[in-house]
Amino acid sequence: MKKIRIQCALLTALSFLMGLSQFIIVGILNNLSNSFHTSIDHVGVLVTLFAIVYAIMTPIINLSVGHAPLYKVLIILFSIFAIGNMLTAVANNFNILLLSRLLTALASGPSMSIAITLAAAITPPQKRSWIVSWVFSGFSIASVFGVPIGTWISDNLNWRFLFWIIFILSIILIAILYRLLPHNLRQKKDMVFSGS
């Protein structure tokens, strides 16, 4: 049970980082506007396009997973998420910034779904709803704290620093998840989990 708690804590951290990357943009629109010499309305497109890509691509990618090992899909998607945040940190023009946010959106939705699926698969039935709610709470906590924390760091340090932190933490998390997540879980069409 201790290993399961560690795995679920890692999945919760993953959902927190995804939520932080998504919600933090709202608090730094002014800083992004100044950095890229464009209007706040123009920068606000980042939020809109993120939501559109997130909503459209999440079910498409989830349906495309097929019988691939869930840990492998999660590692690939979360690596794309990490790269997207690195690109945000180094973006020197608005087009690269836009591309970086689209990559992040592309990976965030399916990663969140798979994290919840894995949490449900590795947890005993009597504790399943509690553990799944904890994993999902990472995203919710990020929505509450992401904007004020992001705004404070952006105003007092630099908005790019935020995304370097998310990138570094994501890489560390990927390495740990690769070692600790079960490698034999796949998702069948009827949503029943199976080992290989």
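Do we find a residue being more than 20 Å from the chain's Cα centre (by Cα), among the aliphatic types (A, V, I, L, M) and surrounded by fewer than 19 Cβ atoms within 10 Å (Cβ to Cβ) anywhere in the range 33-45? Checking the range 33-45: at least one residue is more than 20 Å from the chain's Cα centre (by Cα), among the aliphatic types (A, V, I, L, M) and surrounded by fewer than 19 Cβ atoms within 10 Å (Cβ to Cβ). For I25, the requirement of being over 16 Å from the mean Cα position of the chain (by Cα) and either crowded, with 19+ Cβ neighbours inside 10 Å or among the aliphatic types (A, V, I, L, M) (or both) is not met. Taking the range 60-82 as the range and being under 18 Å from T104 (Cβ atoms), touching a residue at least 40 places away in the same chain (Cβ under 8 Å) and not aromatic (F, W, Y) as the test, the residues that pass are I61, N62, V73, L74, I75, S79, A82.
Residue-wise test of (1) out of contact with any helix residue (DSSP H, G or I) (no Cβ under 6 Å at 6 or more places or on another chain); (2) in contact (Cβ under 8 Å) with a residue 24 or more places away in the chain; (3) farther than 15 Å from S79 by Cα; (4) of a type in the set (D, E).
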residue: L102; (1), (2), (3), (4): no, yes, no, no
residue: A105; (1), (2), (3), (4): no, yes, no, no
residue: S129; (1), (2), (3), (4): yes, no, yes, no
residue: S143; (1), (2), (3), (4): no, yes, yes, no
residue: N158; (1), (2), (3), (4): yes, no, yes, no
residue: I168; (1), (2), (3), (4): yes, no, no, no
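Consider the range 4-32 and keep the residues that are among the small types (G, A, S) and within 21 Å of I52 (Cα to Cα). The one that is modelled with the lowest pLDDT is G27. Residue under question is I96, and the condition is that it be without any contact (Cβ under 8 Å) to a residue 60 or more places away in the chain, farther than 22 Å from N31 by Cα and open to solvent by 50 Å² or more (accessible area, probe 1.4 Å); does it hold? So I96 does not fit the description; no.
Within the range 1-28, residues that are among the hydroxyl-bearing types (S, T, Y) sit with their Cβ atoms under 6 Å from residues that are modelled with pLDDT of 85 or more, at 6+ positions apart or across chains, in these pairs: S15/M112; S15/A115; S21/N85; S21/T104; S21/I166.
The values are calculated or read from the model by the stated rules, or taken from the named source; none is laboratory data. Since the model is a prediction, treat every value here as computed from it, not as a measurement. Every residue, glycine as well, gets a Cβ built from its backbone with ideal geometry; the counts of neighbours run over all protein chains shown. When the accessible area is computed, the model is the full protein with side chains, heavy atoms only, and any ligands, DNA or RNA have been set aside. Shrake-Rupley method; radii C 1.70, N 1.55, O 1.52, S 1.80 Å.
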